[in-house]
Structure formats: C-alpha cells, structure tokens
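Asks: Handing you this structure, nothing more for now.
None of the figures in this text is laboratory data; all of them are computed from the coordinates on show. Everything quoted here is computed from the prediction, not taken from an experiment. Here the Cβ is made from the backbone with ideal geometry for all residues, glycine too, and neighbour counts use every protein chain on show.
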There are 2 protein chains.
Amino acid sequence: MLNNKNDNEKLSDLGEERILQRLKQYMEVGQIDDDTAVIQTKAKDLIINTDILIEDIHFNETTSTPKNIGWKAVAVNVADLAASGVEEIIGITVGLAAPPSTSWHWVDNIYQGIQAALNEYGGKLLGGDCSSSKQRMLSITAIGIKGKVNLHRSNAKPGDLIVVSGPHGLSRLGLSLLLSNNIKDTSQLSDSVKLKAIKAHQEPQAPVIALQKLIQCKPKTVPWRAAATDSSDGLLNAVKCICKSSNCTALLDQTNLPISNEWPNNKNWDELCLHGGEDFELVVSLPAIWAKAWLGSLPESKVIGKMSAGYPEAIWSNGKKIKTSSKIEFEHF
Amino acid sequence: MLNNKNDNEKLSDLGEERILQRLKQYMEVGQIDDDTAVIQTKAKDLIINTDILIEDIHFNETTSTPKNIGWKAVAVNVADLAASGVEEIIGITVGLAAPPSTSWHWVDNIYQGIQAALNEYGGKLLGGDCSSSKQRMLSITAIGIKGKVNLHRSNAKPGDLIVVSGPHGLSRLGLSLLLSNNIKDTSQLSDSVKLKAIKAHQEPQAPVIALQKLIQCKPKTVPWRAAATDSSDGLLNAVKCICKSSNCTALLDQTNLPISNEWPNNKNWDELCLHGGEDFELVVSLPAIWAKAWLGSLPESKVIGKMSAGYPEAIWSNGKKIKTSSKIEFEHF
C-alpha cells in the first residue's frame, strides 16, 4: 500500500496516468512502460485463457472483500491453466473497469489480492489496461507454459475412470451462508464446515498441486493421455463437457459423490455437490491404472464414475437420468 | 452469419452455452472446447497487450457499427504490438460482456469485425469468455511474436530524429463529424477529407506496414535500437511518454506538424493534430540515418522534431512551451 495515503481518494481525483503509475508497484515487468509486455517462451508451447468477472454477476461486496475478488480472479484463471496441464504460470494481464467514483483503496486491494495469488501460484502481473465504466469489471488473461501431459476435454475413452481432485458444493454453500438466504437447512452443520465453505467461496484454491501429483504419479505403461476440465461451472457441467467433446457416456456413481466431510446425506445436498459451481477442482477421465495411482497420492480425490461408449451425456451408473429439482445451476445470461 | 436466422434474438434467449457454440464459427483453434488455447511459440519471445473498450467511453452505436467496433478493437491492440516490433500476430482472446437484452445480431457483427481485422493483420481468435453486464464491454488480449527490432519507449537518445508514420488528427475530426458537434469549423473541408476522417475514426488501420518498412530499411551501420509507441492517446501524449521513459527533451517543429492534406492552417487545427487521439500511428525516436531511410520508404511519414538531453518533456524547437487552449485531450476517468 505504498501510495495509499487516503482511503477515500476517488479514481476521478487521480486520472488515468496516476492510476497507471500507482499500479506499477505491482508489476515487475510489463505493459505500463511499453505498449506490450515481453514473454520469454523457453521454446515451449504456451496455454492462454481469458475470464471476465462482472460485479453482481461473479462477485459483490456483500460476500467478498476486494482482496478476495483479486485473489479469486487469478485463481479462476489458474484453474483453467491447470485443467490444461500447465507446467509453469508465466503471468497475467488485467483489464480493470470501474466507475470514476470508485475509491483507489478498492483498486489497490484488488491488486493486493491479485499479487497474493500470483505469489501463491507463480507468475507475474504482465500489464493491462484500465477504464471508467458503469459497473466494476475485471478481465484476466493468464498465460502459462504447457507441460508434457495432454489434457483435452476430447481425450476421454470408454473404460476410463472419472476422478475429481476434491469435494464439491462447498463454494455454493459458502455463498448461501454469506448471503444469509440459506437454500438448505444448515442448522446441523458444524462451524468448521461453515467456515470451510465460506473460505471455499471467498478464497478458492486452484488445483495446481493436484495437477502436479497427476503428472508425477503416471505409470510408465500408459501414454500421456487424459481428458480434463475444471469444475468452475459445476461438477455435472464439467463431466458433460468432457462427454460432449469425447463422445462418451459418463456413468456416475450416485452413492459415491465427492461431498465434503459432515455433508448431510440427502438428495437436496447432493444437488449442491453436482450443480453448486465455482469448485475449481480438476475433473479427469483417465486410464484406471493411472487413476488409482492419483487416488493414492491425493487423499482428497475420489472416483465418481466411469466412461463408457454411448450417447454423449452423464447418467447414473444404474442407467437412470440425473434429475435436477431445484434451480441452482449457474447461468451467465 | 451461419446461425443468424433471427436478427432479434436476444442473448437471454440463447443462454451462455449456445452463445459459446455460435462463437465457435469464428475460431480455428481455441478456448471454447478446452479451458485454454495452445500457442506455438516457435522458440521466440512473445509480446502481449490487453486493451478494454467500454460502450459510451470508447465506442457508441451513434458513431460506429458493430463491425466497426470489432475491427477497431483488434486494430487498437495490433497497433500496440506494432509499436513493440511484432514480427507476426499470433492471435487474440476476447472477453465480451453485454446486457441480456443485447441482440445476437450485435454480437455476431462484433465478431465479424474482429474476423475481418484478423484476416487483414494475421492471427487467430484464440478464445475468450462472455458474460452479462449492464454495459457493453470488450476486453482484447493480443499476442504476437517479437521481431529483431527492440522498440522500447526508453530507447530514445539525444540526437535522434522523431518521426511519425502518418498524419494525425483525422480520427478526432471524424468523431466530431459523426457526432455533428463540430468542434471546429469544417465548412471549408472537401468531402474527401471528411470521408477520410470518418474512416480513420470508424475503421482505423494499425501501422503494420510502417513497422515492416522500418525494419526493412535499417542501415547496417546502426544497431537495432529505436524508441517507439503508438499515438492512440494522442500525438503529444505519445512523444511525452517516450521523453519520460528515455529521460530526454523532445524539440518539436511547430511548422512541420504531421497534418493531413487540406488541413486548415491555424492553431486550433494544430491542436487537433497534437491531441486528437486514436491515430494509431507509430511515433519513433531513432538515429537520423535510419530515420531518413524510413522517410524514403514511407511517403506518409514525417520528421516532427528531434530528441535532446534535458528535462523529460516535449517543447517547441524554439524553446517555448506547447500550450493547449481547448479541452480535447482524452481522459479515461
């Protein structure tokens, strides 16, 4: 907070040039002193991803601090890179838009959250742009070096096991607790589960360690072939994306959903696990021998089903359709 | 317009998944089928740039068609890559946000403009994201391969000539004509100048050819050293950026401003040239021998002054301050 002498300073008091000058404190290299930032590629292929986060759609100040928002903006993108087999995060660019009445304090805290996440996952703030707007908005483009594993959604094959890197539903539960519009009866939950859920929503972790273990544990007898995505738009959605791209049917085990400890045992809560969203875990379809090695090295991971030949959809392993009774799926439009 | 059966379809009618599926028609490779897009680096360094464009700040439907807006969003970013010595445009990612009531027709035309510009400058649509928002917004991240010329704003040296790749002020004049709020008396202008100005505003060109000629014409006796930026925020602003980064004084020739043919000869119009903005020309500080070679190969280019040791600012070559009487400088906040 080098320049943060006055928490009430407005962006309109500063003007674009001074805003950009202040943002320099967060950049080691970058686009502010030049028109672009340079990326040294080390002769390897890169992977790139852009995500936009809009106030009142993806974040709001009731449920998250500005530091949370900055952190999450990076973690969301890093999760996408992880789901594509990133070996090293190079960095991000940030497009930030906010009304002129926005305080510098808010912007500064957003960048502190961004910096904290970059410290955690690696990578630098490469540059970006800022502008006034009616609504606060962050657009993050993340770039990383691709590793040797080829993770594409279209890589699943019949016979694969479907494994997730951790529990699902916590983030949506945390949001519900923060909004006090409890969509479920949470009276039986312990405080520790509630706090875990709130943290999962406000400061999610990208599945970078899960990816590293996936790479480290691969048996030599199988090729570098696995299908993956992250569960940012919900677990079932992630499985369906792999089914569509790979033209396979996912058979999910209704009795073995990746729920958290102390998760209530009923169908309503199962739906939170399947559709909650913003879980940012890896959802991977891979050969059984590799899946078992990964399960052994990552205690939080779980087999949720298997891939079979058939119509590209996800069904229960008993052949029944997966029904959704409540409207908790996340739609951006 | 493969899927454009109904111009009145709203984004809210389609939902995110169908929007993304439709956007696939514009992508050869990309982030829609996977979480990221892959970039093959050919073992060279890359340059990256992010720009955001917000409705009613950077564009509006009174003065530009959606195709214009898509084109311009790409050209703006390519201009930044050109000012950093790009050798080949790899591609862009697009973050698009718009209210749910926005027509698919609008989005489709934005992407047609983007595609047209990519066809012109090279590069592919690598992927992106979309979301609903209160205000229409585009965030473009462009990536290119860096060539052998090292163009940094900090590379200017006393003794350099300052050369621009083309005339300035046309885009701002075009905007004024489109808004019919003429900031100058345009009664004496020919229709051809007016049309040129409107085109400069609606469908600007990135200075890619100017960069190629700059590289091709370099005399062997000088190193690959030049300072450059593009004049997106105005000619004087661009010169000042180089002065600040290079710690030099720019001495500008008041009698040799880079005005267009038929440009009225008075101080008010000079200010349009100096501060108009969105010109997207290269502003380069370079050794005289290289500058002269560039001038010979690029008829539209012009020497506007020279660099000297001194306080980092731009002044007239007679030592007088450059005054601004009207408020036409562009501020994003």
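Asks: Of the listed pairs A:LYS146/A:LYS292; A:LYS134/A:LYS244; A:LYS24/A:LYS72; A:LYS196/A:LYS323, which have alpha-carbon separations greater than 26 Å here?
Replies: A:LYS134/A:LYS244; A:LYS196/A:LYS323
Asks: Which angle between 0 and 90 degrees, to the nearest 10, do you get for helix B:235-246 versus the longest principal axis of chain B when only C-alpha atoms count?
Replies: Result, in degrees: 70.
Asks: Using only Cα atoms, tell me the angle between helix A:191-202 and the longest principal axis of chain A; keep it within 0 to 90° and round to the nearest 10.
Replies: 60
Asks: So what is the diffusion coefficient of chain A in µm² per second by Stokes-Einstein at 4 °C and 1.567 mPa s, using a Kirkwood Rh over Cα pairs?
Replies: 62
Asks: Taking the protein assembly as shown, how much of its Cα-Cα pair set, in percent, is spaced more than 41 angstrom apart?
Replies: For the protein assembly as shown, the share of Cα pairs beyond 41 Å comes to 30 percent.
Asks: Name the residue farthest towards the positive end of the dipole of the stretch B:41-198 from the options B:ILE89, B:TRP71, B:ASN119, assuming +1 on Cβ of Lys and Arg, -1 on Cβ of Asp and Glu, about the Cα centre.
Replies: So the residue we want is B:ILE89.
Asks: Restricting to DSSP loop positions (anything but H, G, I, E, B) with no more than 16 other Cβ atoms inside 10 Å of their own Cβ, which trypsin sites (Lys or Arg not before Pro) remain in the stretch A:290-325?
Replies: The qualifying sites are A:LYS320, A:LYS321, A:LYS323.
Asks: Then there is this: What is the order of A:MET137, B:MET307, fewest Cβ neighbours within 10 Å to most?
Replies: Least to most surrounded, the residues fall as B:MET307, A:MET137.
Asks: Sticking with this structure for a sec: Considering all projection directions equally, how large on average is the shadow of the alpha-carbon convex hull of the stretch A:14-146, in square nanometres?
Replies: Over all viewing directions, the stretch A:14-146 projects a mean Cα-hull area of 7.8 nm².
Asks: Another question, if that's okay. In which sequence would A:CYS241, A:CYS248 go, from the one with the fewest C-beta neighbours within 10 Å to the one with the most?
Replies: Result, fewest neighbours first: A:CYS241, A:CYS248.
Asks: Take the Cα coordinates of the stretch A:208-333, assign each an equal point scatterer, and use the Debye formula without solvent to give log10 I(q)/I(0) at q = 0.16, 0.18, 0.19 Å⁻¹.
Replies: -0.82, -1.04, -1.16
Asks: Hand me the trypsin sites (Lys or Arg not before Pro) from the stretch A:156-195 located in a DSSP loop with no more than 16 other Cβ atoms within 10 Å, in residue order please.
Replies: Taking the stretch A:156-195 and a limit of 16 other Cβ atoms within 10 Å, no loop trypsin sites (Lys or Arg not before Pro) are found.
Asks: What's the percent breakdown of Cα-Cα distances in the stretch B:108-183 across 5 Å bins, shortest bin first?
Replies: Answer for the stretch B:108-183: a P(r) of 3, 8, 11, 12, 16, 18, 15, 10, 4, 1, 0 percent.
Asks: Can you put B:LEU178, A:LEU257 in order of Cβ neighbours within 10 angstrom, beginning with the fewest?
Replies: By the 10 Å Cβ count, ascending, the order reads B:LEU178, A:LEU257.
Asks: Rounded to a whole number, what is D in µm²/s for the stretch A:92-239 from Stokes-Einstein with the Kirkwood radius over alpha-carbon pairs (10 °C, 1.306 mPa s)?
Replies: The estimated diffusion coefficient comes to 85 µm²/s.
Asks: Got a sec? Charge dipole of the stretch B:150-316, +1 on Cβ for Lys and Arg, -1 for Asp and Glu; which of B:ILE215, B:LEU274, B:GLY169 is way out at the positive end?
Replies: Value computed over the given set: B:ILE215.
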